[in-house]
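Novice: Pasting a structure below so you can have a look.
The values are calculated or read from the model by the stated rules, or taken from the named source; none is laboratory data. This is a predicted model, so every value here is computed, not measured. All Cβ positions, even for glycine, are placed from backbone atoms using ideal geometry, and neighbour counts span all protein chains on display. The accessibility values were calculated without ligands, DNA or RNA, using every heavy atom of the protein model including side chains. Shrake-Rupley method; radii C 1.70, N 1.55, O 1.52, S 1.80 Å.
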Amino acid sequence: MQTTFQTPVQPNVSTRDAAARRPRITRALAAVAVAALALSLAACAPSQRGDVYQYGQGMRAQTVEMGVVESVRYVQLAAPNTGVGTVGGAALGGIAGAQIGGSGAANAAGAIAGAIVGGLVGNAVENNANQRNGVEVTVRLDSGRTIAVPQENAGENFRPGDRVRVLSDGYTTRVAF
């Protein structure tokens, strides 16, 4: 009787490593998708420029008053916080935090800590992305009233003494030359 010895076949190391990396790659792609969504939604904040009308403002009558610019002050305009930055940051932080540690408990703790930190960072990123440079134009109307209108800085260089139009539809007021 002849005995044959067979060497056990070991799995290809590169195949095993690729299989282990696959969930991380999928998570990384999901993280990139969430970040792209957050940035694209942050860009959807409505404009507050004096020369931009929202679609619903078309074909709606506006009152026009004339006046003289009293002062111009540079301000920051912040769009409402949508929560997309917080949610996106929490998702990314949770995914990244789950990669920490070798046991299930360590991964869970890392995911929770990552989600909290990621949510805070994502919220700050959204707030900064939504801020726009603006001007607060104080106008003395021909009627004698004085009003201040904050709007996005569209490059209209208002100066004290400029003759301007103040347009209002009851909801939105803007200053224009």
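Novice: Counting pairs of alpha carbon atoms under 8 Å apart in space and at least six apart in sequence, what relative contact order in percent does segment 63-142 give?
Specialist: Values: 144 pairs, mean separation 39.1, N = 80.
49 percent.
Novice: How much accessible area per residue does segment 49-177 have, in Å², with a 1.4 Å probe? Don't skip to the answer; put the middle values down first.
Specialist: Working: 7330 Å² over 129 residues.
Accessible surface, normalised per residue, equals 57 Å².
Novice: Also, quick follow-up: Going highest first, how would you order 170-176, 155-161 by mean Cβ packing within 10 Å?
Specialist: Details: 170-176: 16.6, 155-161: 11.6.
For the peptides 170-176, 155-161, the packing ranking is 170-176, 155-161.
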